[in-house]
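J.: The structure that follows is given in the form of structure tokens.
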Amino acid sequence: MTVRPLVILPDAQLRRISEPVSAITDEIRTLARDMIETMYDAPGVGLAAIQIGVAKRVVTIDTSKEENAKNPTVYLNPEIVWSSEEKRVYDEGCLSIPEFYGEVERPDRVRVRYMTLDGETVEQEADGLLATCLQHEIDHLNGVLFIDHLSKLKRDRVMKKFTKAAKRDAA
């Protein structure tokens, strides 16, 4: 397992739409293991493959609270098939937008259909933090960032800050 470097805003890769996983290969299994390792190292509770520069529809999530109770799930080709009318506001952050948080309103509950690494198609209902994470990571697969759910003013400020930092780091 390898910790891979994260793609950081304003990198245009984050806006790419990820391709479906057509077959579960050793390459996909290795990608999933590396994503889990990278997610824990960051540390974070979710990671989309595009965040490490791979445009595949692969997501890893672990919302377990205890350090010793790691319980990661790998979602291949996840899609939201239902979402509740009730909304919930959560203070979201993102490994690709370090040290920035913003309140995002999303459906409180969702049902997600995905494929496991064993090739099984599963539907899972989620609420709370897991529902928020699933929506956040599936957004990544579609080239959408959580800052896109904020006001234009906040989004522009974040983009300006990260663009400036990227130029400074490149110099």
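J.: Quick test of the membrane-span-like rule: which DSSP H helices of the chain reach at least 18 Å along their long axis (C-alpha atoms) with mean Kyte hydropathy at least 0.0?
T.: Helices passing the filter in the chain: 128-141.
J.: In the stretch 49-151, which GluC sites (Glu not before Pro) fall in coil by DSSP and have 11 or fewer other Cβ atoms within 10 Å?
T.: E66, E67, E85, E86, E120
J.: Carbon and sulfur together cover what percent of the accessible area of the stretch 1-154 at a 1.4 Å probe radius?
T.: Answer for the stretch 1-154: carbon and sulfur cover 46 percent of the accessible area.
J.: Related question: Using Cα pairs closer than 8 Å and at least 6 residues apart in sequence, work out the relative contact order for the stretch 26-108, in percent.
T.: With pairs under 8 Å counted, the relative contact order is 20 percent.
J.: May I pose another question? Report the relative contact order of the chain, percent, no decimals, based on alpha-carbon pairs under 8 angstrom and at least 6 residues apart.
T.: 24 percent
J.: Please list, or write none, the lysines whose alpha carbon is within less than 24 Å of the alpha carbon of K65, excluding same-chain residues fewer than 8 places away.
T.: Cross-link targets: K87.
J.: Can you return the lysines within cross-link range of K164? Criterion is Cα-Cα under 19 Å, with same-chain partners fewer than 8 residues away left out.
T.: By straight Cα distance, K164 reaches K152, K154.
J.: Considering only the other residues whose Cβ falls under 13 Å of the Cβ of L141, what net charge follows from Lys and Arg at +1 and Asp and Glu at -1?
T.: 0
J.: Taking only protein heavy atoms and a 1.4 Å probe, what accessible area per residue, in Å², does the chain have with all protein chains in place?
T.: On a per-residue basis, 55 Å².
J.: To continue, here is another question. Between the alpha-carbon centers of the stretch 78-98 and the stretch 5-27, tell me the distance in whole angstrom.
T.: Their Cα centres are 19 Å away from one another.
J.: Along the stretch 113-120, what does the Karplus equation 6.51 cos²θ - 1.76 cosθ + 1.60 (θ = phi - 60°) give for ³J(HN,Hα), rounded to whole Hz, x for Gly and Pro?
T.: Once rounded to whole Hz, the list reads 9, 8, 10, 8, 5, 8, x, 7.
The values are calculated or read from the model by the stated rules, or taken from the named source; none is laboratory data. Because the structure is a prediction, the values reported are computed rather than measured. As a convention, Cβ positions derive from the backbone with ideal geometry for all residues, glycine included, and neighbour counts pool all protein chains shown. Surface accessibility is based on the protein's heavy atoms, side chains included, excluding ligands, DNA and RNA. Shrake-Rupley method; radii C 1.70, N 1.55, O 1.52, S 1.80 Å.
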